[in-house]
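Novice: Structure in structure tokens, see below.
The values are calculated or read from the model by the stated rules, or taken from the named source; none is laboratory data. This structure is a prediction, so every number in the text was calculated from the model and none was measured. Here the Cβ is made from the backbone with ideal geometry for all residues, glycine too, and neighbour counts use every protein chain on show.
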2 protein chains.
Amino acid sequence: MIINIPENSDFSIHNIPFGIFSTEERSPRAGVAIGDHILDLAAVAELDVFDFNTAVFEKETLNDFISLGKSITKKVRRDIQLWLENEHSVLAGKPELFVKQSDAQMHMPVYVGDYTDFYSSIEHATNVGKMFRDPENALLPNWKHIPVGYHGRASSIVVSGVPVHRPKGQTIPNDSKQPIFGPSQRVDFELEMGFITGKNTNLGDTISTEQADDYIFGLVLFNDWSARDIQKWEYVPLGPFLAKNFASHISPWIVTLEALEPFTVSGPKQEPEVLPYLKYQGNKNYDINLEVGITPEGSDEQTVCRSNFKYMYWNMVQQLAHHTVNGCNINIGDLYGSGTISGKDENSYGSMLELAWMGSKPLKMKDGSERKFINDGDTVTMRGFAEKDGKRVGFGEVSAKILPAK
Amino acid sequence: MIINIPENSDFSIHNIPFGIFSTEERSPRAGVAIGDHILDLAAVAELDVFDFNTAVFEKETLNDFISLGKSITKKVRRDIQLWLENEHSVLAGKPELFVKQSDAQMHMPVYVGDYTDFYSSIEHATNVGKMFRDPENALLPNWKHIPVGYHGRASSIVVSGVPVHRPKGQTIPNDSKQPIFGPSQRVDFELEMGFITGKNTNLGDTISTEQADDYIFGLVLFNDWSARDIQKWEYVPLGPFLAKNFASHISPWIVTLEALEPFTVSGPKQEPEVLPYLKYQGNKNYDINLEVGITPEGSDEQTVCRSNFKYMYWNMVQQLAHHTVNGCNINIGDLYGSGTISGKDENSYGSMLELAWMGSKPLKMKDGSERKFINDGDTVTMRGFAEKDGKRVGFGEVSAKILPAK
């Protein structure tokens, strides 16, 4: 191996995720995470080893690189694996090609034109239905027929590490008809994964479940922050708005669909039967371990949730087929959130709303304090990795601190 | 006047709206509509009359021009007015600077990063509430406190003239629990206006109602197509999705806020009193006459709606203040739809849903046929203009044909 990779690294030779980084000396550019390092793709390009226009590696986002298509991006990933494994390859004896991750700043990996959020975990939808609607009929009638989704705000998606101020907004006190204005009292995380499309379509085009994998470049961890009290007051009849668009965070490294292929598993049985355009072949769920930790200011991290991406009721190929069945066009870099990923166990719920069950079961932190929702100064960190046959492919983390309202 | 402007032209000397056009000889570039012509700004720039980098006029969108700021964009508009009025100006004797609108193809005037749709007409919200909820309590409790809005799809916003296929999707037959799949049977227009922001903010920033006008570059006509039957089945609990994102159309010329300033009027009294961040000073509604016509294939246009932008309950400065009060950041080129603009009179309703009252009062076309919603082959055309003291400032039209489902 050209470079030392710590055991249990998320960024093993089997991963090779793409991102955008900079250092004091290097302007924002494309790189690949390997162990605790980043391989600088703009620097590798100077070795004249690629047969395409490598200006794509000097851009501030990966969109142009991704637009080269999977035949090229897959070959780049494979070539890098071979070069890293071969101690006599073109990368040998060139430490200047590598940057320590601890010396680098990460940036948004793609420009997100449009962002869609789904609602595809049956456990999450059921929990929310039990809390806010009818415990006996927790799922709405359309839920098992439609991978329910809605449009979110693209501009406020930021990369892991960017702190966010607690949002202010209108909320309605219990038993009042007059809303009040002030900082949200119920800021929550939502544990999600997001996929990023790697191919455009034209208005009127559709993508079948069979074609969908070809359109998915890769995945990230996604924290879809929510202000529950703002949401409760604003969301009828047109859905969440200011409760969501104050910020969403993504992890900086896009793990390709190819790197995740060994970890596919079958999904839950879908009953009633879905409409023909939502039927699919093969294993389209992914066994990715997920966890969420809360670190109060000046204290240690407390893990509050262990979940898994494999719990999703609706999978990504169904989401993409549904999204385009009416002819809606998609672009390279568009982001699609899974919706909060909850499992069956109480400790696998993907939001404070569910974990603390609307505040009725506060969670204990390491410093003895309790949490119903997220406090000022808390840092929320999500991690994810897949592991099988000694191979580990991980996402690193998406982590962000909530600052007091401005 | 350098060029003849027909009487009653939307594009009078008082207007000077900006757009992107091309001809067989001219690549897409910035222009100004004047009478039946377009003044080619890239060609004007070659006369060396502007003191900024005029490469902005050769771009495929106006975003870079708008990003120069209002001090420059306002001066460009004023200079053009002066040059057009002065028969000895730099524009004199240079017919090559002008292109006939009938010889030009119009393009999307801006790249839209994010698109938000509001729901700000009290008559429209009341009509929808009467039809689908409780006629006695048509408005939801939040409606008079919040300029309700939601995020829409930016990628499928297209310019006037682009035909669109009827969308397919899931709908639920009356008295059935099993959805069916097929072409929407209830394609509808929504008469809206949209404003386009001309300044960025950073995540965490807010815009007050006092500052908001500074952030608004200009307005367009906006047809927010809706598939009512798809919407009915999909929209709970997270809002409209495939019912809307198959296409929205905008008019090609952005009429600046400065051009519309003479047509400001006071808005409706807002009761109950709004929260302090939504209070505003001055006249923030605009007296803009609006109409919608339907042209069945091979027949003549039937006007089906005459409305006015002045009917809006919530105005644009309130919408923008609300949108950013939680710190949501905005960008140049973002689009904000008003929501369907309905007035009090039955013929001023801004959608077929309301005009034909859920199909119970079909509208007669010129060819004798009836419409409850929009048929294949129908072209829907919206027009808008303001007029006062002999000055007319108009938007031209946004027009598009519905093709059969693919």
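Novice: Going by the conditions given, is B:LYS361 without any contact (Cβ under 8 Å) to a residue 24 or more places away in the chain, of a type in the set (D, E, K, R) and either in contact with a Cys (Cβ under 6 Å, 6 or more places away or on another chain) or not in a helix (DSSP H, G or I) (or both)? It would help to see each step written out before you state the result.
Specialist: On the way: without any contact (Cβ under 8 Å) to a residue 24 or more places away in the chain: yes; of a type in the set (D, E, K, R): yes; either in contact with a Cys (Cβ under 6 Å, 6 or more places away or on another chain) or not in a helix (DSSP H, G or I) (or both): yes.
Taking the combined requirement at face value, the residue satisfies it.
Novice: Still on this structure, please answer the following. Of everything in segment B:118-139 that's free of Cβ contacts under 8 Å to residues at least 60 places away in the same chain and touching a helix residue (DSSP H, G or I) at 6+ places or on another chain (Cβ under 7 Å), which residue is surrounded by the most Cβ atoms within 10 Å (Cβ to Cβ)?
Specialist: Among those residues, the one meeting the criterion is B:ALA138.
Novice: Could you tell me which numbered condition A:ILE2 fails, if it satisfies all but one of (1) modelled with pLDDT of 95 or more; (2) surrounded by 15 or more Cβ atoms within 10 Å (Cβ to Cβ)?
Specialist: Of everything listed in (1) modelled with pLDDT of 95 or more; (2) surrounded by 15 or more Cβ atoms within 10 Å (Cβ to Cβ), A:ILE2 misses just condition (1).
Novice: Is it fair to say A:LEU335 is more than 30 Å from B:ASN127 (Cα to Cα), in contact with a strand residue (DSSP E or B) (Cβ under 6 Å, 6 or more places away or on another chain) and surrounded by fewer than 20 Cβ atoms within 10 Å (Cβ to Cβ)?
Specialist: no
Novice: While we're on this one: Please go through segment A:158-191 and give me each residue that is at the interface with chain B (Cβ under 7 Å from one of its Cβ atoms) and touching a helix residue (DSSP H, G or I) at 6+ places or on another chain (Cβ under 9 Å), ordered by number.
Specialist: Answer for segment A:158-191, where residues must be at the interface with chain B (Cβ under 7 Å from one of its Cβ atoms) and touching a helix residue (DSSP H, G or I) at 6+ places or on another chain (Cβ under 9 Å): A:PRO167, A:LYS168, A:GLY169, A:GLN170, A:PRO179, A:PHE181.
Novice: So, one more: On the basis of being in contact with a helix residue (DSSP H, G or I) (Cβ under 7 Å, 6 or more places away or on another chain), away from chain A (no Cβ under 14 Å) and not basic (Lys, Arg), does B:VAL220 make the cut?
Specialist: No, not satisfied.
Novice: Using the structure shown, decide if B:GLY377 is touching a residue at least 24 places away in the same chain (Cβ under 8 Å), within 14 Å of another protein chain (Cβ to nearest Cβ), assigned to a loop (DSSP other than H, G, I, E, B) and not aromatic (Phe, Trp, Tyr).
Specialist: Values: touching a residue at least 24 places away in the same chain (Cβ under 8 Å): yes; within 14 Å of another protein chain (Cβ to nearest Cβ): no; assigned to a loop (DSSP other than H, G, I, E, B): yes; not aromatic (Phe, Trp, Tyr): yes.
Considered against the rule, which asks whether it is touching a residue at least 24 places away in the same chain (Cβ under 8 Å), within 14 Å of another protein chain (Cβ to nearest Cβ), assigned to a loop (DSSP other than H, G, I, E, B) and not aromatic (Phe, Trp, Tyr), B:GLY377 comes out as no.
Novice: Sticking with this one: Name the residue that is nearest to B:THR381 (Cα to Cα), counting only residues in segment B:306-331 that are assigned to a helix (DSSP H, G or I), of a type outside the set (Phe, Trp, Tyr) and in contact with a strand residue (DSSP E or B) (Cβ under 6 Å, 6 or more places away or on another chain).
Specialist: In the first step, residues of segment B:306-331 are kept if they are assigned to a helix (DSSP H, G or I); the result is B:309-311, B:316-324.
When the remaining residues are screened for being of a type outside the set (Phe, Trp, Tyr), the result is B:310, B:316-324.
Narrowing further to those that are in contact with a strand residue (DSSP E or B) (Cβ under 6 Å, 6 or more places away or on another chain): B:310, B:316, B:319.
On the way: B:LYS310: 20, B:MET316: 24, B:GLN319: 26 Å.
In this case the residue turns out to be B:LYS310.
Novice: Within segment A:38-157, considering only helices (runs of 4 or more DSSP H) that don't extend past its boundaries, which have at least 2 residues that are within 14 Å of chain B (Cβ to nearest Cβ)?
Specialist: A:122-132
Novice: I'd like the residue in segment A:12-68 that is among the polar types (S, T, N, Q) and under 19 Å from A:LEU82 (Cβ atoms) and, out of all such residues, is surrounded by the fewest Cβ atoms within 10 Å (Cβ to Cβ).
Specialist: First, pick out the residues of segment A:12-68 that are among the polar types (S, T, N, Q): A:12, A:15, A:22-23, A:27, A:53-54, A:61, A:63, A:67.
After this cut, where a residue has to be under 19 Å from A:LEU82 (Cβ atoms) as well, the list is A:12, A:15, A:54.
Numbers: A:SER12: 22, A:ASN15: 28, A:THR54: 19.
Taking the candidates together, the pick is A:THR54.
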